[in-house]
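What follows draws every value from the coordinates through simple rules; no lab data is involved. Note that the coordinates shown come from a computational prediction; the quantities given were computed from them, not determined experimentally. Glycine gets a Cβ as well: all are built from the backbone with ideal geometry, and neighbour counts include every protein chain shown.
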Amino acid sequence: MVIEGPILEFHQKSPKPLRVYSAQQSKAKPQGQKTLALLLFCVLSGIRISNFPKHRAYDQVFFLCTKTQSYSPPSYFPWRCVEKILKDDASEEKGERARMASFVGAIAITDLVKTTLGPKGMDKILQSTGRGHEVTVTNDGATILKSLHIDNPAAKVLIDISKVQDDEVGDGTTSVVVLAGELLREAEKLVAAKIHPMTIISGYRMAAECARNALLQRVVDNKENAEKFKSDLMKIAMTTLSSKILSQDKEHFAQLAVDAVMRLKGSTNLEAIQIIKKPGGSLKDSFLDEGFILDKKIGLGQPKRIENAKILVANTAMDTDKVKIYGARVRVDSMSKVAEIEGAEKEKMREKVKKILGHGINCFVNRQLIYNFPEELFADAGILAIEHADFDGIERLALVTGGEIASTFDNPESVKLGHCKLIEEIMIGEDKLIHFSGVEMGQACTIVLRGASHHVLDEAERSLHDALCVLSQTVNDTRVLLGGGWPEMVMAKEVDKLARKTPGKKSHAIEAFSRALLAIPTIIADNAGLDSADLVAKLRAEHHKEGCNAGIDVISGSVGDMAELGISEAFKVKQAVLLSATEAAEMILRVDEIITCAPRKREDRM
Amino acid sequence: MALAFDEYGRPFIILKEQDQKTRLRGIDAQKANISAGKAVARILRTSLGPKGMDKILQSPDGDVTITNDGATILEQMDVDNQIAKLMVELSRSQDYEIGDGTTGVVVMAGALLEQAERLLERGIHPIRIAEGYEMASRIAVEHLEHISQKFDFGASNIEPLVQTCMTTLSSKIVNRCKHHLAEISVKAVLSVADLERKDVNLDMIKVEGKVGGKLEDTELIYGITVDKDMSHPQMPKQIEDAKIAILTCPFEPPKPKTKHKVDIDTVEKFQTLRLQEQKYFDDMVQKCKDVGATLVICQWGFDDEANHLLMHRNLPAVRWVGGVELELIAIATGGRIVPRFQELTPEKLGRAGLVREKSFGTTKDKMLYIEHCANSRAVTIFIRGGNKMMIEETKRSIHDALCVARNLIRNNSIVYGGGSAEISCSIAVEAAADKYPVVEQYAVRAFADALDSVPMALAENSGLQPIETLSAVKSQQIKENNPHYGIDCNDVGTNDMREQDVFETLIGKQQQILLATQVVKMILKIDDVISPSDY
């Protein structure tokens, strides 16, 4: 029902006006006493009027009052309390409201990713708005959050920390968001109980420090014992993978990941591990291959198999070599001249190929295209020529074979060639690939992923990438913790102790921190469909004993010994989760005002 | 509206399209302006002091900034009102001049406006108020000089400087590791400072940030970092005793600015042109090599062929380095920027003890460190932190700390912080007010009241009873005749700011009072506002 023309719109049942159209929009000015009264009502009762900034509403009321002269506004009407300072569409939220907006945003994000946490976490389908409406199925926190388009600033902070966690340690992207969200959820209660945010922050800081120390005391470091360390890595890999799509074959993939990382010998350069995805087969058929696989075909008429290959990796134009001098162009006055120049061009190419051949190679890989003519020349010389390898492929190939990327070919003696024992064409599924084995740099290897569909493969790659990241970080920082909610319980216990010792309001905040930590095992249990209240209480009782290894055993649905079950997590990941979650929560808590600028106007290109 | 009539009673129009403009004049204009100014001050008021809160600012493109730096908040607020814009300018000029106290100056101006409004209501003419404020500000500034103290530090004894920077940093989100950051800032400033001339060129300090790691990993690098990597993946990642050629010409065949064409019409020409082209590249690389450079830093891109030739001759190179960075590198390494290959000479090369490439995290991010430079005065502060907003905020905080350290080196007079200087000034101004026999007396007294509002806001933000605390501190100052008593924001247990080591620079404080007074005077003098109407 609409009354008073275009100005106010009411819901049928509720007496509150739903919208008041701005004068600009409806091209009309509010008239009459009734409108005035309603407008006043809206302004004074704080109902937000869409498309109608506050100061305009005030102006309007003022305008009407002077016009109708039948109604004088109440003396408490805030005539000048809100002057127009900001631009028209900008908005400003203050104090409690600002805090509420950020709490709500952050908690909404947390609830969104919460269900993906833990080994029994669920996946999400993400559909892009781009052309083709591409679909991604994932339970990787960072991937989910990255693809969300969010307007709430607090939520953006959370998305940002999950992204950083992904870049820095590769795993724990969901946990960090969930922990930050839980911290804010607890903070909200404290704020409601009239505790100042600054007090909460200082409490949280103390608690985070204490929790970190608690973890440091309980870490296991098997750096000395290579055998044990390897089994640690294996356990970490399995724990990481168990929450992903690969959990069916987690042993297989854990082995793959550990082998790949061990080959790196301590470097964190994950570029040396190449992941190739080929649809077809099942996940079990995935394998690790030493050496390097290039997803290209071998040119026609060229050898399919080369032993003791000498490889020249190049980045040069192998089509018609252009003259790069600016402004040069060909101008001829007869057909015969054209033929001559064409001949010269051909000659030039032939010379180039000859120079390349002069390097004494039997394999030539180029980043750019190789045209038919030079390809033919290469085939004639019995050389394997591979064209249009992408930039990453070239760099990686140069890295693993130990050659250099060449662009000029005048001094064959000083160009470093790459070497490998065997180049051959192999078939995976129905694609032909080129396999370089016996390469000089032993670090490199390739993992070939097989699976039923592209979605499965993409998700498998993400999971494997997580595992590889964690493992490579663990190789450098060998400290290991148990998993399955164990670290959270240990931290919560210590933080609780601290809360009891601390006098003053801070202790409430510290206590809240411990509750937030407990939320993680609770969510893991909930996601697995277990009775979380019961389990977490049991777990806490277990942890009351010194040196307890108890955690949640999701498979059997009970409290179990994590050391026996072989569930481990890397200390570095847990520490990063703890610190960045606290930092993010602190950041959001400190805010007492949100100012949103008017969105930039898109120019209409229609 | 401005209507005038000629002798026949016909109206003539003074303002163009005047019915489409709104106009405020006289006392209404002043009141509207004052309330706009106050509204801006009110936004910043909660950000003042060590327990001040942050603001989230969302830019037109949806980017989020979280900060409690006054200048940044106002700058990003997208203000529309003219008077509010004046306040923004005010905070910006404090930022340019002093670099710190950007929130305080706005809060001060807001308080002055508030007092002025009351005086206006009592019928005092705005000009008289402005005059009174001017007098009062002079008294306050002189008094500050009087209570200021000299502050001793040297290149070896940096602890006092670090303390001052810590005061600045304690109001920011980075206060968790304020000591570490303060130390870095002081060391950075000292290494670029010219203690003889008492001058510091802050351009020599570059503040870089990269997401990831912990805030504690923030480090000071005696050299330059460039967010670039070697142009060829296989160039050496570490060069010792590098001689650096700094070029602003691309490794490409020349492109004359005049239009020209090279016509190829015979095979010979085609071939000579080809040879020519090869020679170009060869010459360019050879020239760099000839002067003895071991590293080439270029503002432009390289052709593939040139890139390989460089690599081939074992001459590492960096491409697409920005102009500012290039200049910094030139300053740091003592080299000259060379715009043409022909002008390369050995003297023009820069020198650095160590150039290395460092990679971060699991992504492929790489940065180039140029360290142990010939002129080691250029330094870089490299910030690490949990997320992008954190880094941005740390950058701003460090900028403030750097400015404070610089101000102390320029002029080592200090006043004590925590609102103590304002309270002391307020007492002095109040006492002086009674000596004026004219109307201005009221304005001077109002100024004293306005000065009280800064410590009041501090107390409010720290969760103390503002009026109670302020009056207690004030009486303590008068009773013991000690201007060092301030608001105990951090709940340390003592009011004496000297014991708490909380102080600010004298010039910063003086500037705050002078700037705020100036702006308020300007606002008070406006009596007519004409703006295009909304409707």
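Numbers for the structure displayed
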| quantity | calculated |
| --- | --- |
| Ranking of B:T67, A:T408, A:T240 by count of other Cβ atoms within 10 Å, fewest first | A:T408, B:T67, A:T240 |
| Where Cα atoms sit under 20 Å apart: lysine pairs in segment B:4-161 separated by 8 or more or lying on different chains | 5 |
| Stretch gain in nm, segment B:T494-B:D527, where the contour uses 0.36 nm per residue and the Cα spacing is subtracted | 7.2 nm |
| Between helix B:466-480 and chain B: long-axis angle, C-alpha atoms, 0 to 90°, nearest 10 | 80 degrees |
| Amide H partners (placed H, <5 Å) of A:K416, local residues excluded | A:E404 |
| Ranking of A:E404, A:E564, A:E134 by count of other Cβ atoms within 10 Å, fewest first | A:E564, A:E134, A:E404 |
| Where a label projected 7 Å from the Cα of A:A193 along Cα→Cβ would reach, residues of segment A:98-113 with amide N under 15 Å | none |
| Acute angle (nearest 10 degrees) that the helix B:420-433 long axis makes with the longest principal axis of chain B, alpha-carbon atoms | 40 degrees |
| Burial ranking of peptide ranges B:99-109, A:284-294 (average Cβ count within 10 Å, highest at the top) | B:99-109, A:284-294 |
| Dipole of the protein assembly as shown, positive direction: furthest Cα of A:T401, B:L113, B:F302, with charges on the beta-carbon | B:L113 |
| Spin-label pair B:E7/B:S191, simplified geometry with 7 Å Cα→Cβ offset, distance in nm | 8.2 nm |
| Candidate aspartates and glutamates for bridging to A:K337, where Cα separation is under 14 Å - those fewer than 8 sequence places away on the same chain excluded | A:E345, B:D263, B:D265, B:E268 |
| Shielding of A:92-98 by partner chains, average beta-carbon count, 10 Å | 2 |
| Computed over chain B: relative contact order in percent, which uses C-alpha pairs under 8 Å that are six or more apart | 26 percent |
| Built amide H within the under 5 Å cut-off of B:H232, gap 5+ | B:A317 |
| Degrees, to the nearest 10: B:440-461 long Cα axis against longest axis of chain B | 60 degrees |
| Value at 222 nm in deg cm²/dmol, rounded to 500, when DSSP H runs of n ≥ 4 in the protein assembly as shown each add -39,500 (n - 2.57) | -15500 deg cm²/dmol |
| Set of aspartates and glutamates near B:K525 by C-alpha distance (under 20 Å), chain-local residues within fewer than 8 positions excluded | A:E83, B:D28, B:E89, B:E114, B:E117, B:E121, B:E131, B:E134, B:E440 |
| Inter-probe distance in nm under a simple model that places probes 7 Å from Cα toward Cβ, at B:E145 and A:E227 | 8.2 nm |
| Pairwise Lys count, segment A:107-256 - Cα closer than 23 Å, eight or more residues apart or different chains | 28 |
| Packing-based order for A:375-384, B:484-493, A:540-549, using average beta carbon neighbours within 10 Å, highest first | B:484-493, A:375-384, A:540-549 |
